[in-house]
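Single-structure report; data block below.
The values are calculated or read from the model by the stated rules, or taken from the named source; none is laboratory data. Predicted model, so just to flag it, every value in this text is computed and none were measured. All Cβ positions, glycine included, derive from the backbone under ideal geometry; neighbour counts span all protein chains shown. Accessible surface areas use protein heavy atoms only, side chains included; no ligands, DNA or RNA. Shrake-Rupley method; radii C 1.70, N 1.55, O 1.52, S 1.80 Å.
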Amino acid sequence: MSIFESVILGIVQGLTEFLPVSSSGHLVLLQKIFNINEPGLFFDTMLHTGTLVAVFIVLWKDIWGLIRKPIQKLTLFLIIATIPAVIAALLFNDKIEEIFKSANLLGFCFLITTCFLITAEFISRRRNNKQDISDEQNNNLKTEDKMNWIDALLIGIMQAIAILPGISRSGATISGALLRKLDRDFAARFSFLLSIPAILGALVLQTKDLVSGSAAANGESINIIAIIAGTVSAAIVGFFAVKFMLKIIREKSLFGFAIYTGVLGALVLLDQFVTRIVF
């Protein structure tokens with residue numbers, strides 16, 4: 001893999017890991033369009049490390065609060081929300097790998113992301129923009145102190161569904177949080193905090209494969225300069241993507257992302273079933 005290709009993949013990873021458009025779906029699509037060889041396991045691990053660094057930098061206050069006081073409600077909710085994805089990964093790992101390789105469901109999964117975003121945004125804004133809404137009703141929006149374990153579990157189930165390429169992890173979890181009446185700012189922060197165990201889990205699994213020699217067995221060659229370039233690109237772009245997404249959630253709408261994933265999903269399906277230019 002060239003340095004240029006690694007930088008491109010790093011930018012895509014950093015940008016789409018946190019925007020609700022599916023990083024895995026875009027990486028699969030990019031590899032198909034530009035005929036980029038599947039990146040090696042070590043390279044993929046380092047890209048995830050770059051995005052993890054971005055989360056730690058942007059949300060350092062929240063993370064420091066969890067480190068200083070690990071036994072608290074937020075820690076419990078993050079654990080509960082992580083469990084469904086862990087179970088799904090353990091039970092369906094082989095099937096998920098087949099789906100990634102074939103990319104047969106990619107277009108449909110992008111459209112699922114669209115449905116999640118539109119439904120959550122529509123219901124959230126309809127709830128909050130009612131002309132006769134009272135101050136008491138406004139206070140029903142949940143922050144950390146009002147969140148419960150059912151909210152965390154349902155958000156976790158949404159994250160488990162997002163294991164499929166094309167279904168955005170951040171889009172699914174933020175949508176789940178909004179549907180459960182979480183405050184928009186807290187919904188975004190919880191989603192990004194939830195990405196930490198998800199990314200760490202992927203790193204642990206990939207590191208295990210590296211140590212066991214799977215990477216070498218697959219003939220992975222290491223271009224250290226390309227790996228560094230991709231990792232730095234993922235970290236820098238990821239940093240701005242997290243800050244941008246937090247601002248969008250607080251002040252704007254998810255409809256723009258829904259339109260993007262809807263158009264992208266339709267184009268992928270058109271190519272898969274009609275034109276067959278890429279797939």
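For the stretch 1-121, give the percent of accessible area contributed by carbon and sulfur heavy atoms, probe 1.4 Å, rounded to a whole number.
71
Determine the gain in length on full extension of the stretch ILE277-LYS101; use 0.36 nm per residue of separation and subtract their C-alpha separation, reporting nm with one decimal. Numbers along the way, then the final one.
Values: separation 176, 0.36 × 176 = 63.36 nm, distance 1.75 nm.
Here the answer is 61.6 nm.
Using the Cβ atoms and a cut-off under 12 Å, what net charge is assigned to the surroundings of VAL237, where Lys and Arg are +1 and Asp and Glu are -1?
0
Over the stretch 42-192, with the other protein chains present, what is the accessible area per residue in square angstrom, probe 1.4 angstrom?
On the way: 7700 Å² over 151 residues.
Accessible area per residue: 51 Å².
If you project the alpha carbons of the chain onto the principal axes, what extent comes out on each, in Å, largest first?
On the principal axes, the chain reaches 61, 50, 34 Å in Cα extent.
Would you count, across the chain, every pair of lysines whose alpha carbons are under 14 angstrom apart, provided the pair is eight or more residues apart or spans two chains? Could you put the intermediate results ahead of the total?
Working: LYS32/LYS101; LYS61/LYS69; LYS61/LYS243; LYS73/LYS142; LYS73/LYS146; LYS142/LYS181; LYS146/LYS181; LYS243/LYS252.
Step by step, the pairs that qualify in the chain add up to 8.
Looking at the square roots a ≥ b ≥ c of the eigenvalues of the Cα gyration tensor of the stretch 228-267, which shape do they give, rounded for a/c under 1.5, prolate if a/b is larger than b/c, or oblate?
oblate
Between ASN140 and TRP64, what is the FRET efficiency for a Förster distance of 35 Å, r being their Cβ-Cβ separation, to the nearest 0.05?
0.75
For the stretch 233-279, give the percent of accessible area contributed by carbon and sulfur heavy atoms, probe 1.4 Å, rounded to a whole number. All intermediate terms of the calculation are to be shown ahead of the outcome.
Values: 1920 of 2600 Å².
Exposed carbon and sulfur together represent 74 percent of the surface.
Return the distance in nm (one decimal) between the two label points of a simple spin-label model at ASN148 and LYS247, each offset 7 Å from Cα along Cα→Cβ.
3.7
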